Amino acid sequence: MDMVIHRRIESDIERRILSGEWRPGHRLPTESELMAEYGCARMTASKAMSGLAARGLVTRRRRAGTIVAHPPVHSAALAIPDIQSEVEGRGLAYAHRLLTRRIRDAEAEEAWLGVQLIQLETVHLADGAPFAHERRLISLAAAPEAESADFAAKPAGSWLLAHTPWTEAEHRISAVGADTVMARHLLLPPGSACLRLERRTWRDGQGVTWAFQTFPGDAYDLVARFQPTKA
């Protein structure tokens, strides 16, 4: 019986976190409060919280209690912060322009994100100059609150980091030439050398977002630090 309750506690808390009801930093009920709510033993409540912590959904702190975990902003192999953080980290003023936004059904190659998607096109600015062009898809199954989010006020990448924790990410880096649309938005001659970052993220197997970020070739660099692999 306690095993069933332990799973129900985990499921209830996970649902509140992934739906955005409980956001990063939100303080969770104490074990005593969970015991009263679910009519379970302290060991059962503790096991549920430990399971959530092991999956990266919550952070347990002695005396401070348990809070919803803040999502990581980098991968173990290559750190790539969101664009707003990157611009501000250079000491420049960040701004963005939302060019298009629409809700549509997923196409075949996008099915890993779910049925309905938000499609966004954005230009990111650094000190008023174009810094990057972004095309992004967001899964409404993974991030239902995105449907009402004001992406003209807050860029999608920063919003997702704050509202939808992810557990897995994939980055693909390639050199591309700016097509006519890209060149117009980045104020470049068509065909100019650019760097493109393709990023996919998942939450426990559910696709969250698929973004294509294109930077002028001289505006972005990637730095990774490695250690030799031990035999």
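The values are calculated or read from the model by the stated rules, or taken from the named source; none is laboratory data. Owing to the predicted nature of the structure, the values given are computational and were not obtained by experimental measurement. Cβ: placed from backbone, ideal geometry, glycine included. Neighbour counts: every protein chain shown.
Look at Val87 and say whether it is of a type in the set (Val, Ile, Thr), buried (at least 18 other Cβ atoms within 10 Å of the Cβ) and touching a residue at least 12 places away in the same chain (Cβ under 8 Å). Considered against the rule, which asks whether it is of a type in the set (Val, Ile, Thr), buried (at least 18 other Cβ atoms within 10 Å of the Cβ) and touching a residue at least 12 places away in the same chain (Cβ under 8 Å), Val87 comes out as yes. The number of residues in the range 172-204 that are assigned to a strand (DSSP E or B) and not basic (Lys, Arg) comes to 12. Taking residues in the range 93-120 that are closer than 14 Å to Arg136 by Cα and touching a residue at least 12 places away in the same chain (Cβ under 8 Å), and partners anywhere that are surrounded by fewer than 13 Cβ atoms within 10 Å (Cβ to Cβ) and of a type in the set (Asp, Glu), the pairs with Cβ atoms closer than 8 Å and at least 6 places apart or on different chains are Ile103/Glu147; Gln116/Asp105; Leu117/Asp105; Ile118/Glu147. Within the range 155-171, identify whether any single residue is surrounded by fewer than 18 Cβ atoms within 10 Å (Cβ to Cβ), part of a loop (DSSP other than H, G, I, E, B), β-branched (Val, Ile, Thr) and assigned by TED's automatic domain parsing to the domain that holds Leu137, and answer yes or no. Among the residues of the range 155-171, at least one is surrounded by fewer than 18 Cβ atoms within 10 Å (Cβ to Cβ), part of a loop (DSSP other than H, G, I, E, B), β-branched (Val, Ile, Thr) and assigned by TED's automatic domain parsing to the domain that holds Leu137, which makes the answer yes.
Number of residues in the range 26-45 that are at positive phi and surrounded by 12 or more Cβ atoms within 10 Å (Cβ to Cβ) equals 0.
Suppose the filter is closer than 19 Å to Glu121 by Cβ, modelled with pLDDT under 90, part of a loop (DSSP other than H, G, I, E, B) and of a type outside the set (D, E, K, R); does Ala219 pass it? Quick ask: steps written out before the conclusion?
Working: closer than 19 Å to Glu121 by Cβ: yes; modelled with pLDDT under 90: yes; part of a loop (DSSP other than H, G, I, E, B): yes; of a type outside the set (D, E, K, R): yes.
It is true that Ala219 is closer than 19 Å to Glu121 by Cβ, modelled with pLDDT under 90, part of a loop (DSSP other than H, G, I, E, B) and of a type outside the set (D, E, K, R).
Specify which of the listed residues (Leu28, Leu98) is in contact with a helix residue (DSSP H, G or I) (Cβ under 7 Å, 6 or more places away or on another chain) and modelled with pLDDT of 80 or more. Spell out how you get there, then give the answer.
Details: Leu98 fails: in contact with a helix residue (DSSP H, G or I) (Cβ under 7 Å, 6 or more places away or on another chain).
Exactly one residue qualifies, and that residue is Leu28.
Of all the numbered requirements in (1) at pLDDT below 95; (2) surrounded by 14 or more Cβ atoms within 10 Å (Cβ to Cβ), Thr180 misses one, and that requirement is (2). Scanning the range 137-188 for residues that are acidic (Asp, Glu) and within 20 Å of Arg16 (Cβ to Cβ) yields Glu145, Glu147.
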